[in-house]
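**Q** Input: one structure, supplied below.
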Amino acid sequence: MEKGGWVCIMANRYRGGMYVGVTADAIRRVYQHREGQGSQHVRDFDKRRLVYVERHATIEGAIAREKLVKKWRREWKFALIEADNPEWDDLWEQWFAPEAPQK
């Protein structure tokens, strides 16, 4: 995988609870969340659906974007997600599943 960073939004359902995170290895991190090995917050609130992914050339750029998005109102986050994913589909298969670690 190329160097850089990713901003990912995980959710538990359509327009439900969201988790905004940043990582340098999106495949590994999203896989961890989906398998219940990610953050405690994702586990506690079952936010395992990948609904938004944003690639950045640098990890610093991704961190800055994550901090900005975390401060946004829920409605703004909804608009961000729905611009690319209006149905809040789980994007795991589309983005990362073929490269995911095997159990």
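**Q** Can you list residue pairs whose Cβ atoms sit under 7 Å apart, with the first residue in the stretch 70-99 being at positive phi and in contact (Cβ under 8 Å) with a residue 12 or more places away in the chain and the second being surrounded by 15 or more Cβ atoms within 10 Å (Cβ to Cβ) and assigned to a helix (DSSP H, G or I)? Count only pairs 6 or more apart in sequence or on different chains.
**A** Note: pairs meeting the criteria are Trp88/Ile81.
**Q** Which of the residues belonging to the stretch 41-61 are more than 20 Å from Ile81 (Cβ to Cβ) and either within 15 Å of the chain's Cα centre (by Cα) or among the hydrophobic types (A, V, I, L, M, F, W, C) (or both)? Break it down into steps so the answer makes sense when it comes.
**A** Quick first cut of the stretch 41-61, residues more than 20 Å from Ile81 (Cβ to Cβ) only: 43-44, 57-60.
Listed by number, the residues that qualify are Arg43, Ala57, Ile59.
**Q** Can you tell me which condition Phe78 does not meet? The list is (1) more than 12 Å from the chain's Cα centre (by Cα); (2) of a type outside the set (D, E, K, R); (3) at pLDDT 95 or above; (4) within 23 Å of Lys3 (Cα to Cα), and all the others hold.
**A** (4)
**Q** Can I ask one more? For Asp46, indicate whether it is among the acidic types (Asp, Glu), closer than 22 Å to Lys3 by Cβ, out of contact with any helix residue (DSSP H, G or I) (no Cβ under 9 Å at 6 or more places or on another chain) and modelled with pLDDT under 95.
**A** No.
**Q** Which of the residues that make up the stretch 19-30 are touching a helix residue (DSSP H, G or I) at 6+ places or on another chain (Cβ under 6 Å) and among the aliphatic types (A, V, I, L, M)?
**A** Going residue by residue through the stretch 19-30, those that are touching a helix residue (DSSP H, G or I) at 6+ places or on another chain (Cβ under 6 Å) are 19-20, 22-24, 27.
Hits for the stretch 19-30 are Val20, Val22, Ala24, Ile27.
The values are calculated or read from the model by the stated rules, or taken from the named source; none is laboratory data. If you're wondering where the values come from, they're calculated on a predicted model, not measured in any experiment. Don't worry about glycine lacking a Cβ; one is built from the backbone with ideal geometry, like all the others, and counts go over all protein chains shown.
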